[in-house]
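A short worksheet on the structure shown next.
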Ligand code: SF4
Ligand code: SF4
């Protein structure tokens, strides 16, 4: 695998949106009669599951599929499970979904409450995974991960997105509490807060270890923050955590503060919805709320062929159903009019070089894409820097031939990771 340096980065000219001055409070979406919960574990029809149709669950109760399951999803309301079925996500990733009929009275699971007075990372990981912002508790609790820096990110990681900036502005007085709590939970003292340069002047942040991020697109991506501000070189194929740096969104940090203050897990997710005309509406919705409930409540219309993007325009993924549930890391939803969806093509690369010039990681994208199109993923990784890609999506955006390069890249990485994990499983079973 070639390991290219990030030194000599190109400077793309796309600028990120800044949060509007004096933002309004988010609109609160009522709890729907049916919620949809996603659990990151495959349903196995040959095994008896711990949870069944008709089971009652309490608000805050953890749902495990099997006795030996490591993954869980927490129920955001009390209710009755009415359906359990397999869910297929991006690139064929499999999970399980539960439909939960909401009860009118809410029974609360108080298992976390007894531990909330003495915060520690093991119980945080045991009870608070999947709260708004999706804090990386599993990584922080993993003693094999040698994390020595935490960065609370108040910068958004795609164009048009402003949810994190909103939360940083709105709850700036709580950031010092979040820093203190993370220090207490992890024992890590090197904690910084990444924010747009323009916000760094606010007095609430005086005395904090600030990372002032430029407002051009890509500067806010974790790998760029590591290289440009923390002096940590990005190693292709490794995660930021594997390099000792853990990024946690400002919403995740604030959710932890709120959960410990209330001694209960929290579920209200802040999302910025951008309609077809570009109008932004910020909402607060319970995790598990089907997104059509949000659209109906705020009067956003969607047509049959419109595209619903979860995330931003460059890095987001398309939702294929209006029943897609609010997820802990869902900061943004964009509705793109059917007539505005950019074309993709199966035309060959014309070697214009746009992708190579714009790539901030110096990947030879024009060659890489040829290998990916031919399903030669290992060659793409070994010789053409597949794992140096930081997934900014700029190459697809500028491609003259409209090749979906970013999607090819994500598919290539996914396939190679899957092959590695299959090999590991086979080796364990020998
Ligand atoms: S998505 Fe494209 S432009 Fe961005 S780092 Fe990866 S290869 Fe480079
Ligand atoms: S931008 Fe598209 S057409 Fe141009 S070199 Fe890159 S892959 Fe080829």
Quiz item: Here are some conditions: (1) in contact with a helix residue (DSSP H, G or I) (Cβ under 9 Å, 6 or more places away or on another chain); (2) within 10 Å of ligand 1 (Cβ to nearest atom). Residue 388 meets all but one. Which one does it not meet?
Solution: (1)
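In the range 141-167, which residues are part of a helix (DSSP H, G or I) and surrounded by fewer than 23 Cβ atoms within 10 Å (Cβ to Cβ)?
141
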Quiz item: Among the listed residues 302, 281, which satisfies the condition of being in contact with a strand residue (DSSP E or B) (Cβ under 9 Å, 6 or more places away or on another chain) and in a loop (DSSP other than H, G, I, E, B)?
Solution: 302
Quiz item: Looking at the range 415-425, is at least one residue in contact (Cβ under 8 Å) with a residue 12 or more places away in the chain, within 11 Å of ligand 2 (Cβ to nearest atom) and surrounded by 15 or more Cβ atoms within 10 Å (Cβ to Cβ)?
Solution: no
Quiz item: Condition test on residue 379, is it free of Cβ contacts under 8 Å to residues at least 12 places away in the same chain and more than 12 Å from ligand 1 (Cβ to nearest atom)?
Solution: yes
Quiz item: Quick one: which of 386, 416 is out of contact with any strand residue (DSSP E or B) (no Cβ under 9 Å at 6 or more places or on another chain), under 21 Å from residue 315 (Cβ atoms) and modelled with pLDDT of 95 or more?
Solution: 386
Quiz item: How many residues, within the range 391-400, are within 8 Å of ligand 1 (Cβ to nearest atom), outside any loop (DSSP other than H, G, I, E, B) and out of contact with any helix residue (DSSP H, G or I) (no Cβ under 6 Å at 6 or more places or on another chain)?
Solution: 0
Exercise. Pull up the range 345-367, narrow it to residues that are surrounded by 21 or more Cβ atoms within 10 Å (Cβ to Cβ) and in a helix (DSSP H, G or I), then point me to the one that is farthest from the chain's Cα centre (by Cα).
Key: 366
Practice problem: Look at the range 206-227 and say how many of its residues are surrounded by fewer than 21 Cβ atoms within 10 Å (Cβ to Cβ), assigned to a loop (DSSP other than H, G, I, E, B) and touching a helix residue (DSSP H, G or I) at 6+ places or on another chain (Cβ under 9 Å). | Solution: 5
Practice problem: Hey, could you check the range 308-336 for residues that are over 19 Å from residue 161 (Cβ atoms) and in contact (Cβ under 8 Å) with a residue 60 or more places away in the chain and say which is farthest from ligand 1 (Cβ to nearest atom)? | Solution: 323
Quiz item: Out of curiosity, is residue 403 in a loop (DSSP other than H, G, I, E, B), near ligand 2 (Cβ under 10 Å from one of its atoms) and surrounded by 17 or more Cβ atoms within 10 Å (Cβ to Cβ)?
Solution: yes
Quiz item: So which of 142, 157 ends up being modelled with pLDDT under 95 and under 16 Å from the mean Cα position of the chain (by Cα)?
Solution: 157
Quiz item: So residue 233 clears everything in (1) touching a helix residue (DSSP H, G or I) at 6+ places or on another chain (Cβ under 9 Å); (2) more than 29 Å from residue 59 (Cα to Cα); (3) in contact (Cβ under 8 Å) with a residue 40 or more places away in the chain; (4) surrounded by 19 or more Cβ atoms within 10 Å (Cβ to Cβ) except one condition, right? Which one?
Solution: (4)
Quiz item: Looking only at the range 391-400, which residues are more than 8 Å from ligand 2 (Cβ to nearest atom) and surrounded by fewer than 21 Cβ atoms within 10 Å (Cβ to Cβ)?
Solution: 391, 397
Practice problem: Test residue 259 against the criterion of being assigned to a helix (DSSP H, G or I), touching a strand residue (DSSP E or B) at 6+ places or on another chain (Cβ under 8 Å) and on the phi < 0 side of the Ramachandran plot, and give yes or no. | Solution: no
Quiz item: For the range 25-140, which fully contained strands (runs of 3 or more DSSP E) count at least 1 residues that are surrounded by fewer than 16 Cβ atoms within 10 Å (Cβ to Cβ)?
Solution: 79-88, 94-102
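The values are calculated or read from the model by the stated rules, or taken from the named source; none is laboratory data. This structure is a prediction, so every number in the text was calculated from the model and none was measured. Methodologically, a virtual Cβ is constructed for each residue, glycine included, from the backbone with ideal geometry; neighbour enumeration extends over all protein chains shown.
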